[in-house]
Amino acid sequence: MKKVVLVTGANSGIGLALCERLLSQDAQLQLCLACRNMQRAEAARQTLLVSHPQAQVTLLHLDVGNMRSVLSAAEEFKQKYNRLDYLYLNAGIMPNPRVDHKAFYKGLFSSNVVRMFATGEGLLTQEDKVTPNGLQEVFATNLFGHFLLVRELEPILCQMDHNSLVIWTSSSNAQRSAFSLDDIQHQKGREPYSSSKYASDLLSLALNHHYNNRGLYASVICPGLVMTNLTYGILPSFFWTLIMPIMWLIRIFTSTFTLSPYNGAEALFWLFMQKPESLDPMAKYHSLTSGLGNNYTQPHKMDIAENVSEALYVRLLELEDTVRKKLRDEDVDIKAKN
């Protein structure tokens with residue numbers, strides 16, 4: 001049976017690099033690129049077909065920050081496929097990132113420079129906004145939209161004749177200090193990206209608790225420090241040009257500087273080769289690159305608690321009910337006006 005793989009945020013960066021690696025490993029798999037921008041998605045599809053002309057690559061229009069788009073995309077996918085083996089939740093945003101320049105320059109010339117670049121801890125803040133669905137944009141895109149997608153795809157993810165795997169692209173910037181159960185959307189804070197990534201770590205554990213007995217498993221990866229469009233948006237382009245030689249030098253001494261999307265996709269690709277039931281639900285699998293350029297994957301125990309994970313899951317279910325009701329009410333209003 002041909003494996004079916006769905007990748008969100010697949011038109012560039014780590015997502016596209018992953019798709020290339022998956023097709024190189026298994027040319028028979030059915031690959032679906034789920035993207036917000038269909039023009040870029042088609043360009044990515046054509047790029048993949050150049051190197052894999054016989055590959056089965058389809059496109060799915062999906063904006064994970066828009067819940068109506070999530071519901072529509074899930075329905076379209078279920079009409080095309082009767083199974084889903086791997087669901088890569090890779091799409092994510094970091095809007096309007098701002099750097100604490102004082103902390104940056106202080107860290108640049110300290111012994112903490114490697115950790116500073118690897119995690120961004122204490123350096124990055126973002127300006128979030130509210131979506132038309134009434135949700136915080138970063139929370140909606142990085143976490144809740146993906147959660148709703150999993151819920152909608154349950155019928156084809158949970159099949160007793162085979163196990164399936166949901167894989168979250170998390171971050172080294174996933175900090176417990178940025179997350180609060182009393183503010184899961186991070187409305188009151190200035191680190192929504194960090195909060196959303198820590199929440200994805202928690203949610204992965206909860207999904208395992210609730211779905212393993214139905215053949216669905218979840219795992220989390222950290223791509224390391226990768227130079228993607230998201231990363232380049234943090235600081236001016238001229239700065240990256242100046243500092244890149246230093247970063248390549250630092251990589252000799254730390255394996256977390258994966259730098260390229262191909263290297264950053266290492267853990268995502270490695271998980272494709274594993275049996276879902278053999279994975280550790282408490283581990284985050286890190287993409288690492290040695291000073292000699294060799295890629296490998298290494299698990300690290302996550303700084304999460306089961307009770308917090310379960311509490312988040314319950315809150316997300318409650319929010320799901322609220323969002324679904326709001327969308328139904330909007331549909332009723334539209335029909336009444338027509």
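Name the residues in segment 4-35 that are more than 14 Å from the chain's Cα centre (by Cα) and open to solvent by 30 Å² or more (accessible area, probe 1.4 Å), would you?
Matches in segment 4-35: Glu20, Ser24, Gln25, Asp26, Ala27, Gln28, Gln30.
Give the residue that is farthest from Gly65 (Cα to Cα), with candidates limited to residues of segment 171-221 that are hydroxyl-bearing (Ser, Thr, Tyr), at pLDDT below 95 and assigned to a helix (DSSP H, G or I).
Ser177
Counting only residues that are hydroxyl-bearing (Ser, Thr, Tyr) and in a strand (DSSP E or B), which one in segment 276-309 is most open to solvent (accessible area, probe 1.4 Å)?
Tyr296
Output the number of the condition that Gln54 fails; it satisfies all remaining conditions of (1) in a loop (DSSP other than H, G, I, E, B); (2) open to solvent by less than 60 Å² (accessible area, probe 1.4 Å).
(2)
Could you grab me the full set of residues in segment 60-93 that are surrounded by fewer than 19 Cβ atoms within 10 Å (Cβ to Cβ) and either within 15 Å of the chain's Cα centre (by Cα) or of a type in the set (S, T, N, Q) (or both)?
Ser69, Ser72, Gln79, Asn82
For segment 137-155, name all the residues that are open to solvent by 10 Å² or more (accessible area, probe 1.4 Å) and over 14 Å from the mean Cα position of the chain (by Cα).
Result: Glu137, Arg151, Glu152, Glu154, Pro155.
For segment 175-192, which residues satisfy the criterion of being touching a residue at least 60 places away in the same chain (Cβ under 8 Å), touching an Asp or Glu at 6+ places or on another chain (Cβ under 9 Å) and surrounded by 18 or more Cβ atoms within 10 Å (Cβ to Cβ)?
The answer is Pro192, and nothing else.
Confirm whether Cys222 is in contact (Cβ under 8 Å) with a residue 40 or more places away in the chain and open to solvent by 20 Å² or more (accessible area, probe 1.4 Å).
no
The values are calculated or read from the model by the stated rules, or taken from the named source; none is laboratory data. These numbers were taken from a predicted model, which means no experiment stands behind them. Reconstructed Cβ throughout: ideal geometry from the backbone, glycine too, with neighbour counts over all protein chains shown. Ligands, DNA and RNA are excluded from the accessible area calculation, which covers all protein heavy atoms including side chains. Shrake-Rupley method; radii C 1.70, N 1.55, O 1.52, S 1.80 Å.
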